[in-house]
């Protein structure tokens, strides 16, 4: 995912304050263990995990870039899941 995707994702989330807390929780949940002790010192998911998720969601070799709408739907699902269970 390139910088342009991250900018579009950020703008989409800024328009959805109801998803801010959910997005923050997902960042923490998906971050690599020990992320604060390894460069780039950002709570990003492991590359192998992201590749696996892209393969299961979009097929191919895992290099697909998710649609911003899919990100928003995923966060809406995450927010609703505790209420469903």
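The values are calculated or read from the model by the stated rules, or taken from the named source; none is laboratory data. Quantities reported herein were computed from a predicted structural model and do not represent experimental measurements. Here the Cβ is made from the backbone with ideal geometry for all residues, glycine too, and neighbour counts use every protein chain on show.
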Whether any residue in the range 20-42 is within 13 Å of the chain's Cα centre (by Cα), in a loop (DSSP other than H, G, I, E, B), within 15 Å of residue 1 (Cβ to Cβ) and at pLDDT 90 or above is what I want to check.
no
Identify, from the list 32, 53, the residue that is closer than 23 Å to residue 80 by Cβ and surrounded by 13 or more Cβ atoms within 10 Å (Cβ to Cβ).
53
Do you know which residues across the range 43-64 are within 14 Å of the chain's Cα centre (by Cα), over 16 Å from residue 30 (Cα atoms) and either in contact (Cβ under 8 Å) with a residue 24 or more places away in the chain or not in a loop (DSSP other than H, G, I, E, B) (or both)?
57
